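Colleague: One structure follows; several queries about it will come next.
The values are calculated or read from the model by the stated rules, or taken from the named source; none is laboratory data. Being a predicted model, the structure only gives us computed values, none of them experimental. Methodologically, a virtual Cβ is constructed for each residue, glycine included, from the backbone with ideal geometry; neighbour enumeration extends over all protein chains shown. Please note that ligands, DNA and RNA were not included when accessible areas were found on the heavy atoms of the full protein model with its side chains. Shrake-Rupley method; radii C 1.70, N 1.55, O 1.52, S 1.80 Å.
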Amino acid sequence: MSLSPKEVKNRKFHQSLTGYDAKEVSVFLKEVALELEKLSMQNIHLSEANKALDKRLAELRVKISLTSNK
């Protein structure tokens with residue numbers, strides 16, 4: 001299940017006699033936690049990929065500067 005910020009913001013819970021339905025809240029919180037975990041892992045992978053690309057770009061820039069000086 002994908003959650004958008006709007007869905008989280010607008011999520012409503014049904015109230016029971018003692019407050020919100022604890023089971024419904026628990027299920028929703030588990031869904032949010034799973035989605036945040038996925039996003040966190042994706043962020044880590046993208047950061048690693050970005051670092052690798054930055055390194056490769058720096059290497060190519062050095063190579064270009066060396067070949068243009070000839």
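Colleague: Quick check: convex hull over the Cα atoms of the chain, volume per residue in Å³, rounded to an integer?
Modeller: That works out to 93 Å³ per residue.
Colleague: If packing is taken as the average count of other Cβ atoms within 10 Å, what order do 6-16, 22-32 fall into, highest mean first?
Modeller: Taking the mean over residues of other Cβ atoms within 10 Å, the ranking is 22-32, 6-16.
Colleague: Okay, moving on. Return the carbon/sulfur percentage of the accessible area of the chain, one whole number, probe 1.4 Å, all protein chains in place.
Modeller: 61
Colleague: Write down the accessible area per residue of region 1-45 in Å², having rolled a 1.4 Å probe over the full set of protein chains.
Modeller: 89
Colleague: Top mean-square fluctuation among ALA58, ALA33, ALA49, Gaussian network model of the chain, C-alpha springs under 10 Å?
Modeller: Evaluated over the chain, the most mobile residue of the options is ALA58.
Colleague: For the chain, what does -39500 (n - 2.57) per DSSP helix run (n ≥ 4), summed and divided by total residues, give at 222 nm, in deg cm²/dmol to the nearest 500?
Modeller: Value at 222 nm, helices only: -27000 deg cm²/dmol.
Colleague: Say we join alpha carbon atoms closer than 10 Å with springs in a Gaussian network model of the chain; which of LEU60, LEU34, LEU46 then has the biggest fluctuation?
Modeller: For the chain, modelled as a Gaussian network with Cα springs under 10 Å, the answer is LEU60.
Colleague: Taking the Cα centre of the chain as origin and charging only Cβ (+1 Lys, Arg; -1 Asp, Glu), how large is the dipole, in debye to the nearest 20?
Modeller: Dipole of the chain, to the nearest 20 debye: 460 debye.
Colleague: What lysines could a cross-link reach from LYS38, if we take a straight Cα to Cα line under 30 Å and drop same-chain neighbours fewer than 8 places away?
Modeller: Qualifying lysines at Cα under 30 Å: LYS6, LYS9, LYS12, LYS23, LYS30, LYS51, LYS55.
Colleague: Compute the angle between helix 22-68 and the longest alpha-carbon principal axis of the chain, please, reported from 0 to 90 degrees and rounded to the nearest 10.
Modeller: Relative to the chain, helix 22-68 is tipped by roughly 10 degrees.
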